[in-house]
Each structure stands twice: as structure tokens, then as C-alpha cells.
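Comments concern the structure below.
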Amino acid sequence: MSMLTSRVASLRQFNGALLPAAKGITAVQSNGFHSSQPRSASSVLKMKDYGHRAAVSGVMATVFGCSGFLGGYTVERISKNGTQIVAPFRCKWYDVKHLKPMGDLGQINVLPFNVKSDSSLVKMMEHSQVVINLLGKDYVHNGTSMMDIHAEYPARIAKLAKELGVKRFIHVSALGASPDAPSEYLRSKFIGEEMVRDAFPGATILRPASMYGEEDRFLTPLGMCAKMSPFVPLVDGGNARVQPIYVCDVAQAIANSLQLDHSIGNTYELGGPEVYTMKRVVELIYESIRVPAVTVSVPFKAALPVSKLLEVLPFQQLTTQEAVIHQHIDRTVAPDARGITELEVVPVHMERAIIEVLSMYRTGGRYLTPLR
């Protein structure tokens, strides 16, 4: 007990008084946060990266979309320097419980919320200086439209965050978002950017390309198809150009953007170091899992109606029209766009990280040569 008392006392001495806590949250604030002296967004977030889970930075961040693919990596990255995390969730508890060990005791607060309730959103953000929005879906689920998830909900969050005095707002969109994109996903992402920018003019908007990593929805479905199917279908022969990026690089870009003054109010397109055709991506997958490559070209006009029929299957997210459209269009970083290197991240080459994603499908697993 004496050790615990000593630990609490040291935290108070280092980090100032504890804020009045919301239900289920112990809020830690830095000295002077309630001072009448004005503080810039950048000064609040100049956090030293202590590199261990017991560090205390005095910054609190709310991460919406923490249960998604990018969410876990983001929570892990920003909690390393002692940032206290509020992780709102709408899913089952077991989908977010893995977040708790990413920080010290009490550092990561996983709480249920209602995205349609302003009072619930305020409760999630009322003690935070940072709000990160990762909400996103590439298929319609439970009657919620893409416009709701990518535009209406983020705009509501951004508006309330501005009213609460949140210092930094990070909004994650998607590479290729535009008002005339052939994909509903990309159109709704663009509208979401505009609505967030109107509600929170200083928001930092990040547009990542297709992300890969463990449990991703880019390489993993293709790897499963390559392993279990006699062939992999490619829309129009796989000629579409993509620039996939490692999910850890995107999470690091989010963490870095919080400490870079020039990121305030700007938009960044995050892509990997190389551009591939979809056919080349599938060839790399075959090489990685040590299976002879067999691909079949499917015309886009034939693939689209078939995918619409397949959406009635239980695993509709693997066979959506959106997935077919994304295999048909180029999604690469624009030459004149701000990129990931401006956020001080050197992206990983996909050839180096691909085995981390596909080892479960590889003959011989992680061994250098196949087992006999």
C-alpha cells in the first residue's frame, strides 16, 4: 500500500491536481491548464516521448473509432508518451478490451457511448485537449449509411469539440476522396472533410491510402483467396494503380501531427514509398505465401453486378461493390500534395512487412524455407 501511495503522490507532484472525473474516468491535467494565461495549441501538446507506459504527459486524448483496424495502433502510439486515452466504443466489450494493457493502470479508459447523443459525446470529450476521429466503414452495416459514418457523425463530433475548447482535432479520411469519385465511400469521405473543416477550421485531415497490417482488409482477404481458391479474380486484369501504406506508419503520422505546428489546418495524403498495380500486389502475395500465381481478369462491367448480388452473403464486406470499384480506379498520392514525410515518418516498403500479414497462409509459416 505504501508503494501505491508513493506512486500516486509522485504523479500529483509531477502533473498537478486531478480534474473532477467523469463517471469511469480519472482525468489527469498538467499544471496551469486552468490558468487565465492563454495557451497555444502547440504549447499544450509538446510532449516528450518517454517511451514507456508509466510516463505522464498531462495530455488527454479522445479516440473515436478505437475498435477499428487503425484504432488499436493509434491508441498504442499516442499512449507511449504518457497521454491519457478516452476510448469510446459502440461494439462489444471484447472488441476493445485489448486496448487496456497498452497503457499504465487507469491510463486508457474504455467507455460505451452513443454517437447520436450530444450529451454522450460531450462526456467523452469534456476533459480532452485532443480529439481523433477514426470512424469509417467501407460497407453499409445495420442500416447506418456511409454519409452518417463519414460525414454527419464526424461533423457533430467536430462541432462539439470546438465548443468545448479542444486544442487539436485529427480527422482521418481516405486517399482519393473527391466530390465526383465513382465510389460512394470516397464521396462521403470528401463531404465529411468539408463538414469537419467548417465545424473545426484548425482540424488536421489525413488521407491514408489502402492500409495493410495484421488483421487488415487489403492483403489478408487477397491472401486468403490466393491460399484457398484456385485463382484470384482481378478487375480489368489488375491494372489499377495503388500506393498501400503500413498501418503503423499511419498511426505514427497521427501521433507526430499532434506535435507539429504546421499540421494545424492542413490536409496530408499518406501513401507508401512505392506505387503498384493490383496485379503486382497479388503477385507479391503469391510469392510471400509460396503458392504458384494464378489470376483471372474479370471485366469491370461484369464484376460490378456480380458483387451486388454477392452483398447478400453473410460476409458481404469481402464482396462489396465498393471493393470492386476500388480495384478499378487509381488511388495514389497527388504529386503536389503534402505527404507523410512532412509528418516526419519514413514509410516502410510493403515487401518488408508483407510476411507479418500473411504468415498464417504461408507454406512453412515464418521459416525461411518450407517444412518438409
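Some observations on this one:
- Residue match in region 279-291 (condition: open to solvent by less than 30 Å² (accessible area, probe 1.4 Å), closer than 24 Å to SER173 by Cβ and in contact with an Asp or Glu (Cβ under 7 Å, 6 or more places away or on another chain)): no
- Residue in region 232-250 that is within 20 Å of the chain's Cα centre (by Cα), open to solvent by 10 Å² or more (accessible area, probe 1.4 Å) and closer than 15 Å to GLU342 by Cα present: yes
- The C-beta contact set for region 224-243 (first residue acidic (Asp, Glu), second residue outside any helix (DSSP H, G or I), distance under 7 angstrom, 6+ apart or interchain) comprises ASP236/SER297; ASP236/PRO299.
- Residue that is modelled with the lowest pLDDT [pool: residues in region 308-341 that are open to solvent by 80 Å² or more (accessible area, probe 1.4 Å) and outside any loop (DSSP other than H, G, I, E, B)]: LEU318
- Index of the failed condition, SER263 passing every other in (1) out of contact with any Gly (no Cβ under 9 Å at 6 or more places or on another chain); (2) open to solvent by 50 Å² or more (accessible area, probe 1.4 Å): (2)
- Positions within region 101-127 being within 16 Å of MET60 (Cβ to Cβ), open to solvent by 20 Å² or more (accessible area, probe 1.4 Å) and in a helix (DSSP H, G or I), in sequence order: MET102, VAL122, LYS123
- Matching residues in region 217-254 - criterion: being under 24 Å from GLU344 (Cβ atoms) and either modelled with pLDDT under 95 or assigned to a loop (DSSP other than H, G, I, E, B) (or both): GLN243, PRO244
- Among all residues of region 210-227, there is none that is over 18 Å from the mean Cα position of the chain (by Cα), over 30 Å from TYR361 (Cβ atoms) and surrounded by 20 or more Cβ atoms within 10 Å (Cβ to Cβ).
- Selection count where residues are in a strand (DSSP E or B) and surrounded by fewer than 24 Cβ atoms within 10 Å (Cβ to Cβ), scope region 61-95: 1
The values are calculated or read from the model by the stated rules, or taken from the named source; none is laboratory data. The structure displayed is predicted, hence computed values, not measured ones. As a convention, Cβ positions derive from the backbone with ideal geometry for all residues, glycine included, and neighbour counts pool all protein chains shown. These accessible areas exclude ligands, DNA and RNA; they are computed on the full protein's heavy atoms, side chains included. Shrake-Rupley method; radii C 1.70, N 1.55, O 1.52, S 1.80 Å.
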